[in-house]
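Data first, discussion second: the structure below is written as structure tokens.
Read the figures in this text as sums done on the coordinates, not as results from a lab. Quick caveat, the model's predicted, so the values are computed rather than measured. Counting neighbours? That spans all protein chains shown, and the Cβs are built from the backbone with ideal geometry, glycine included.
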Amino acid sequence: MSEEQTQADSKLTTSKRRWAAEGKFLTGKISRPETERLPPGQHLVKNWPVLDLGQQPHVPLDSWRLDVRGLVENQTTWSWKTFQRLEQSKKVSDIHCVTTWSRYDNEWQGVATRDLLDLVMPKPEAHFVLLTSYDGYTTNVPLVDFAAEDAILATHWEGQPITREHGGPMRLVIPHLYFWKSAKWLNRIEFIASDQAGFWERNGYSMYGDPWIEQRYSDD
Ligand SMILES: Nc1nc2c(c(=O)[nH]1)N[C@H]1C(S)=C(S)[C@@H](COP(=O)(O)O)O[C@H]1N2
Ligand SMILES: [Mo]
């Protein structure tokens, strides 16, 4: 059995595939971030649920790496030590999981994706980003969304190192898309010319994932 098949067999993964097939949670409403804070079909939580494929890799800091590859001027590998030397930013954002929970006012600290982009310099042909994590998870986003002003390669949440269950030592946060785009335990960022589906995107979920128009599933 492939690793992806093993991951895909967890109970939640099976349910999430079925929800995609049935269009579950779709309200047909549209709301706008300018006037409403909670996207359609979402409910607010105060705790922070853990969602993943069921394997939470332990990545010791001395073997942690971030590889940037593909269509960039400067392909780079950061170690934990060299990553800490990059400019540090703080961002506060709301997060929205496709399973319908949202959580407000999360304070993140780490490296703004824009600061990383300034260093690696995507080539003009680069239009999409494929993210790969230490648990084998993949997800895809357009480069412009990866480059959003509040997107961050986060090492801290509410002033504390991000715990292993939430994607530590480092995870991506792209708050304006459904949270499955925010890869935990991020290991590799590849810049590509045309869009390539990641794990959930091959399992019934949207290539883009805009919570404000309930873009949950593949054909929405
Ligand atoms: N590496 C990795 N990243 C992942 C996932 C995963 O299974 N593996 N799950 C995604 C999903 S579906 C969600 S909702 C969020 C959950 O993050 P949390 O567990 O910190 O709430 O992580 C996303 N990033
Ligand atoms: Mo999710």
Given the options E73, E36, E125, which has the most mean-square fluctuation in a GNM of the chain, springs set between C-alpha atoms less than 10 angstrom apart?
E36
For the pair N74 and L143, how long in nm is the line joining their label points, each one 7 Å along Cα→Cβ?
1.6
Helical contribution to [θ] at 222 nm, DSSP H n ≥ 4, -39,500 (n - 2.57), averaged over the chain, rounded to 500:
-4000 deg cm²/dmol
Taking Lys and Arg as +1 and Asp and Glu as -1, residues besides K123 with C-beta under 15 Å from its C-beta add up to -3
When the chain is modelled as a GNM with alpha-carbon springs shorter than 10 Å, which of I192, I152, I30 fluctuates the most?
I30
Estimate the FRET efficiency between D67 and N106 by the formula 1/(1 + (r/R0)^6), using the beta-carbon distance for r and 22 Å for R0, to the nearest 0.05.
0.25
Quick query: amide H of N187 versus all other amide H atoms, modeled in the peptide plane; which residues come in under 5 Å with a sequence gap of 5 or more or a different chain?
T132, S133, Y134
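Going by the alpha-carbon gyration tensor, a ≥ b ≥ c the square roots of its eigenvalues, is segment 1-105 rounded (a/c under 1.5) or, if a/c is not under 1.5, prolate (a/b greater than b/c) versus oblate?
Values: a/c = 2.13, a/b = 1.35, b/c = 1.58.
Because a/c hits 1.5 or more and a/b fails to exceed b/c, segment 1-105 counts as oblate.
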Dividing the alpha-carbon radius of gyration of segment 100-220 by 2.2 N^0.38 Å (N being the number of residues), what value is obtained?
1.01
By what distance, in whole Å, do the Cα atoms of segment 3-213 stretch along each of the three principal axes, largest value first?
44, 40, 36
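Want the number for E165 to Q55: 0.36 nm per residue separation, take away the alpha-carbon distance, what's left? Write down the numbers at each step before the final one.
Details: separation 110, 0.36 × 110 = 39.60 nm, distance 0.92 nm.
Between E165 and Q55, full extension yields 38.7 nm more.
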Full extension between K24 and E125 adds, at 0.36 nm per residue less the Cα distance, a length in nm of 32.7 nm
Between 0 and 90°, nearest 10: helix 11-22 axis offset from the chain longest Cα axis
60
Most fluctuating residue of T138, T14, T35 in a GNM of the chain with Cα springs under 10 Å: which is it?
T35
